[in-house]
Amino acid sequence: MQFQNIKEKILIIDFGSQVTKLIARRVRDFGVFSEVITPKEFKKIRYFKTIKGIILSGGPSSVNNMNFESLPKYIFSLKIPILGICYGLQLISKLLGGKIKSSYKKREFGRAFIFKEKESLLTKNFFRSKNCVWMSHQDAVIKLPKNFKNIAFTKDSRLTIIENTKEKIYGVQFHPEVTHTDNGNQIFKNFLFKICKIKSKWNIANQKITLTQNIKKIVGNNKVICALSGGVDSSVVALLVNKAIKKNLICIMVDTGLMRKNEFKYTYKIFKKKYKLNLKLINASNIFLKKLKNISNPELKRKIIGNLFIKVFEKEARKIKNVKFLAQGTLYPDVIESRSSTGSKSSKIKSHHNVGGLPKKMNLKLIEPLRELFKDEVRSLGKSLGLVESICYRHPFPGPGLGIRIIGNITPEKVKILQEADYIFINELNKTKLYNKIWQAYASLLSVKTVGVMGDTRTYEYTCLLRAVTSEDGMTADYFSFPKEFLDNISNKIINKVKGINRVVYDISSKPPSTIELE
Ligand code: XMP
């Protein structure tokens, strides 16, 4: 851990659930520092004083398997409150003498109604007239461990919330960390403040000095390079590292030709003029567009853009002498995912492009000052570093840029058309003050051409698809409900102002089953 003066924290032991990072988020949303570790890492801990509570995550394993993922029993004699979620509850029950059964008939996946049996500190203000909780289990506790009582049940699981009040050990079979659980946050709130009695608040802005001191200590007088895209993560990394080591940071900006309108120029101006960063600009748009000619397969596009980016960056970086470090904007969700206790990774839907492959080839040491932070914390840090709002609160933008927002093959003409349409869309969102209500919005260009009529003339042009979603972390998303007047206005504006587009459609799909980007 790179932070200092953390007097109170919550430890989350990850058993490989897809949603462990949401537990860490929920806890941090309450201003409490949380750290996710594996069961193996837990066994190495010798100092428990700052740990005020432990949460055991869900996971794909079964406690009835021979080599089930487990924890040393001394966890129960540390006198630290424990909350087990799903597999976590089953593990607590197993280790303390309860019985768990796998039942195909009684399995619960998705929503279930929960009913109160007894009062509990954990469920204070949690129950409403009808509470829905999110379930995802086949195993269930069928016999409680000694000194435990049952707090709530569903139709198919009799022991849905259990507790040993004296020892402060709690378990819930459902997932309170998932938004589909009604009022799930109340469970965390009660656990943190009523049971663990957490008092201090965690605030990333207070850690700014520690973060810069750490960078100074690691880097010394060596040089650091950083790929600056103008997205919030790389921008915050650049400002932070620059604060720590000033002129020894060299930022490389690669223009792929696939950025949004004016974006490259704007980012350059801000970082050069306002923040006085040591910047190197590479205009590689011709190489990118040439390599992408006639390529319409999304995965192939992603690979070409990703590999070419590394090549261009590498070539430029080699020209700078004595570079020892590469600074990268890796965030906590990626860290949690890549070191899950089971090592299991969710199946690949899209190959994401970032500069993660660089150091292996270039023999550079990595510095990742954001690797313990969530996106909103990165934004707070950016704000405290004086990062301009237009970058700090900018919607996420994928590494392959407009390359995956032009469906089908990419041509310079299509890039220009899309840049114009996207510019109008985003400007309208800002003007109508909707931009900050939306998690991500963009325009994309479909490769279908359709017939239209302008004046008395027949047109045969491209279709522009607008996408705007609300989301918490990009894992799931809902389409944003625009007022009809906004849609009328934006369709009119884009068709009238952008030559090459004669039809505008709005994407009303959620994720899942769709994804946020189209390719
Ligand atoms: P999907 O399309 O998978 O996108 O629902 C989820 C979030 O990830 C962003 N995204 C990417 N970000 N490199 C990135 O840095 C990529 O290759 C990439 N592909 C998708 C997407 O914009 C959304 O915010």
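The values are calculated or read from the model by the stated rules, or taken from the named source; none is laboratory data. What you see is a predicted model; the values in this text were computed from it and never measured. Cβ atoms come from the backbone with ideal geometry, glycine included; neighbour counts cover every protein chain shown. All accessible areas refer to the heavy atoms of the entire protein, side chains included, with ligands and DNA or RNA removed. Shrake-Rupley method; radii C 1.70, N 1.55, O 1.52, S 1.80 Å.
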Count of residues meeting criterion [in contact (Cβ under 8 Å) with a residue 12 or more places away in the chain and more than 15 Å from the ligand (Cβ to nearest atom)] in the range 369-389: 14
Of all residues making up the range 164-201, the number that are within 16 Å of Ile80 (Cβ to Cβ), among the basic types (Lys, Arg), in a loop (DSSP other than H, G, I, E, B) and touching a residue at least 24 places away in the same chain (Cβ under 8 Å): 3
Any chance Ile225 is surrounded by 14 or more Cβ atoms within 10 Å (Cβ to Cβ) and not assigned by TED's automatic domain parsing to the domain that holds Gln138: yes
Elements of type strands (runs of 3 or more DSSP E) contained in the range 15-119, each with 1 or more residues being under 19 Å from Asp156 (Cβ atoms): 82-85, 99-102, 108-116
Cβ-Cβ under 8 Å pairs, at least 6 apart or on other chains, the range 282-294 side more than 14 Å from Lys311 (Cα to Cα), far side in a helix (DSSP H, G or I): Leu289/Pro412; Leu289/Val415; Leu292/Lys301; Leu292/Ile304; Leu292/Ile305; Leu292/Gly403
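Looking at Thr411, Thr450, Thr515, can you tell me which residue is open to solvent by 30 Å² or more (accessible area, probe 1.4 Å) and within 15 Å of the ligand (Cβ to nearest atom)?
Details: Thr411 fails: within 15 Å of the ligand (Cβ to nearest atom); Thr450 fails: within 15 Å of the ligand (Cβ to nearest atom).
Unique residue meeting the criteria: Thr515.
Quick grid of which residues meet (1) touching a residue at least 24 places away in the same chain (Cβ under 8 Å); (2) more than 29 Å from the chain's Cα centre (by Cα); (3) in a helix (DSSP H, G or I):
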{"position": "Gly403", "(1), (2), (3)": "yes, no, yes"}
{"position": "Glu420", "(1), (2), (3)": "yes, no, yes"}
{"position": "Val453", "(1), (2), (3)": "no, yes, no"}
{"position": "Arg467", "(1), (2), (3)": "yes, no, no"}
{"position": "Gly474", "(1), (2), (3)": "yes, no, no"}
{"position": "Ile490", "(1), (2), (3)": "yes, yes, yes"}
Only one of Thr457, Thr463 that is open to solvent by less than 20 Å² (accessible area, probe 1.4 Å), free of Cβ contacts under 8 Å to residues at least 60 places away in the same chain, out of contact with any Phe, Trp or Tyr (no Cβ under 6 Å at 6 or more places or on another chain) and more than 16 Å from the ligand (Cβ to nearest atom): Thr463
Filtered residues of the range 40-78 (kept if among the charged types (D, E, K, R), touching a residue at least 40 places away in the same chain (Cβ under 8 Å) and within 25 Å of Thr165 (Cα to Cα)): Lys52
Residue within the range 202-213 that is more than 30 Å from Ser57 (Cβ to Cβ), in contact with a helix residue (DSSP H, G or I) (Cβ under 9 Å, 6 or more places away or on another chain) and without any contact (Cβ under 8 Å) to a residue 40 or more places away in the chain present: yes
